[in-house]
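Undergrad: I have a structure here, written as structure tokens, and I will follow up with some questions on it.
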Amino acid sequence: MDSPRGRIYLMKLAADGQATINSQWVGHFDTCLGCMACITACPSGVDYGKLIEATRAQIERKYDRGWVERSYRRLIFGMFTRPQRLHLLRWPLLLYQKSGLRRLVRGSGALRVLPKRLQAMEALLPELPAAEAVAEVTPAVGEKRRRVGLLLGCVQREFFPQVNAATARVLAAEGCEVVSPAEQSCCGALLVHAGEEEGAVALAQRLIDVFEKAGVDAIVTNAAGCGSNVKEYGHLLRDHPQYAARAKEFSAKCQDISETLAYMGPRARRNPLRLKVAFHDSCHLQHAQGVRAQPRNLLAAIPELELVEIPEAAICCGSAGIYNLVQPNAANALGDRKAGIIASLEADVVVTGNPGCILQLQASLERTGKRIPVLHTIQLLDASIRGELLSRLRE
């Protein structure tokens, strides 16, 4: 029952009134990563992604999780889908990290008295970099080729601002005028993937409104989970009379940053980066969006960079939206397996295209004792164009 086929069978039983949506039935869907690897593997082309998301929406409508679980999920969604709240959280987190308190707490073993889920949340905290805002309009370098919108994200915006800044610089260097509306909201990806459909619909409508006013040729994403979600707005809002057609038009403009750059072709000069780089495929990039070759081609075009493949590339690292926060044991097992494989490659740096994967891989590699930098693909491309060194990227 924990296979895709088994879960589809359970869906049918419930739809036909032959199964009750109880804790045992729900458990089979809660343990699903939602990694969409089954979509890639399925010879019949079954769109399991839409089935699991629709089923999780029914679970949240009809199943009582209890006040403890509801409160925990409310904490996650109330924080990670609100950039303003994440921004306020930066200061206490910076104090926790820079004061040495984090090192003291971890060294004392005090974290072991916390619930497993809160331990997982603390372990995933990244070392926060200095804030690096992206201008609302970044002019193109040289002759303008396109006018594109940049989706800033939530976790990406506050925990990895350097990724958004690098994305804007690379797009500008390649001849794009980059529009990043400050009023843009969360795209709702975490909510959709967890079955919180009503909240996701409201956020989708707000984001469509914002980018329609921007008047852009394309909408660029640099977080795979966000990208897979906004590309499906046409499906999410298919029954909404005011947004159905607008959502389809919006989704048609959405592209991962690697797709945008591959479509345009390089214009800016690439400087050498003498690095051995292991590329990790985010599930929502390779399986949900079908984007595999583009980021590899971008990296391979950097002079002197050696690109190595990670065995078992199709297997999830354990991040999977909020999976590593609600199913920490299974997520850690997957993360440790992935980290062990990466460690054996002796790479200088690991790159991927999703902030959730960066958090998960950093925590997993740290548990193995390996201090290998985990960066976004666009950061290496930005470093190559600007002639930066790895030491600068690790700051």
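The values are calculated or read from the model by the stated rules, or taken from the named source; none is laboratory data. Small disclaimer: the values here were computed from a predicted structure and weren't measured. All Cβ positions, even for glycine, are placed from backbone atoms using ideal geometry, and neighbour counts span all protein chains on display. The accessibility values were calculated without ligands, DNA or RNA, using every heavy atom of the protein model including side chains. Shrake-Rupley method; radii C 1.70, N 1.55, O 1.52, S 1.80 Å.
Undergrad: Please report the carbon-and-sulfur percent of the accessible area for the chain; probe 1.4 Å, protein heavy atoms only, DNA, RNA and ligands left out.
TA: After summing per-atom areas, the C and S share lands at 55 percent.
Undergrad: For the range 155-221, what D do you get in µm² per second when you plug the Kirkwood radius from alpha-carbon pairs into Stokes-Einstein at 20 °C and 1.002 mPa s?
TA: 161
Undergrad: Rg (Å, one decimal) plus Dmax (Å, integer) for the alpha carbons of the range 216-357?
TA: In order Rg, Dmax, the Cα atoms of the range 216-357 give 17.2, 54 Å.
Undergrad: Consider just the alpha-carbon atoms of the range 1-141 and return their Rg together with their Dmax, both in angstrom.
TA: 20.8, 62
Undergrad: Using a 1.4 angstrom probe, figure out how much accessible area the range 177-221 has per residue, in square angstrom, rounded to the nearest whole.
TA: 33
Undergrad: Pull up all non-local amide H partners of LEU375: gap of 5 or more, or a different chain, and H-to-H distance under 5 Å with H placed in the peptide plane.
TA: Under 5 Å from the amide H of LEU375: VAL350, VAL351, THR352.
Undergrad: GLU53 accessible area, nearest 10 Å², 1.4 Å probe?
TA: 50
Undergrad: May I ask you to compute the full-extension gain from GLN24 to GLU143, defined as 0.36 nm times their residue separation minus their alpha-carbon distance, rounded to one decimal in nm?
TA: So the extension gain works out to 36.9 nm.
Undergrad: Okay, next question. Taking a spot 7 Å from the Cα of LEU125 along the direction of its beta carbon, which residues of the range 80-107 have an amide N less than 16 Å from it?
TA: 80, 86-107
Undergrad: Give me, ordered by chain and number, the residues 5 or more places off VAL308 or on other chains with an amide H under 5 Å from its own placed amide H.
TA: For VAL308, whose amide H was placed from the backbone, the distant partners under 5 Å are VAL277, ALA278, PHE279.
Undergrad: Further question: Cα-Cα over 18 Å: which of LYS50/LYS338; LYS213/LYS253; LYS116/LYS370?
TA: Going by Cα-Cα distance, LYS50/LYS338; LYS116/LYS370 fall outside the 18 Å limit.
Undergrad: Solvent-accessible area per residue for the range 324-395 at a 1.4 Å probe radius, Å²?
TA: Accessible surface, normalised per residue, equals 39 Å².
Undergrad: For the pair ALA244/TYR96, report the inter-label distance in nm, with labels modelled 7 Å from Cα in the Cβ direction.
TA: Going by the 7 Å Cα→Cβ label model, 4.5 nm.
Undergrad: Return one whole number: the accessible area per residue of the range 69-175 in Å², for a 1.4 Å probe.
TA: Spelled out: the 1.4 Å probe surface of the range 69-175, per residue, equals 51 Å².
Undergrad: Follow-up. So, in Å, what gap is there between the alpha-carbon centers of the range 267-327 and the range 216-247?
TA: One Cα centre to the other: 23 Å.
Undergrad: Who wins for biggest fluctuation among ASP256, ASP30, ASP16 in a Gaussian network model of the chain, springs between alpha carbons below 10 Å?
TA: ASP16
Undergrad: While we're looking at this one, here's another question. Please report Rg (one decimal) and Dmax (integer) in Å for the Cα set of the chain.
TA: Gyration radius and largest Cα-Cα distance of the chain: 20.7, 64 Å.
Undergrad: DSSP loop chymotrypsin sites (Phe, Trp or Tyr not before Pro) in the range 231-293 with at most 15 other Cβ atoms within 10 Å of their Cβ, which ones?
TA: Those that pass, being in a loop and sparsely packed, number zero.
Undergrad: Can you give the % of DSSP beta bridges in the chain that are antiparallel, to the nearest 5?
TA: The antiparallel proportion sits near 10 percent.
Undergrad: At 0.36 nm per residue, minus the direct Cα-Cα distance, what do GLU183 and SER71 gain on full extension? Give it in nm, one decimal, please.
TA: Difference between extended and current length: 37.5 nm.
Undergrad: Give me the percent of Cα-Cα pairs in the range 220-291 that sit more than 22 Å apart, rounded to a whole number.
TA: Everything past 22 Å amounts to 39 percent.
Undergrad: Something else about it: Going toward the positive end of the dipole of the range 60-193, with +1 on Lys and Arg Cβ and -1 on Asp and Glu Cβ, which of SER185, LEU93, ALA140 do you reach last?
TA: Final value for the positive-end residue is LEU93.
Undergrad: Let me ask another. Work out, step by step, the length gained on full extension between ARG371 and ASP16: first 0.36 nm times the residue separation, then minus their alpha carbon distance; give nm to one decimal.
TA: 122.7 nm
Undergrad: Turning to a different aspect of this structure: Which order do peptides 96-102, 327-333 fall in by mean Cβ count within 10 Å, highest first?
TA: With the highest mean Cβ count within 10 Å placed first, the list reads 327-333, 96-102.
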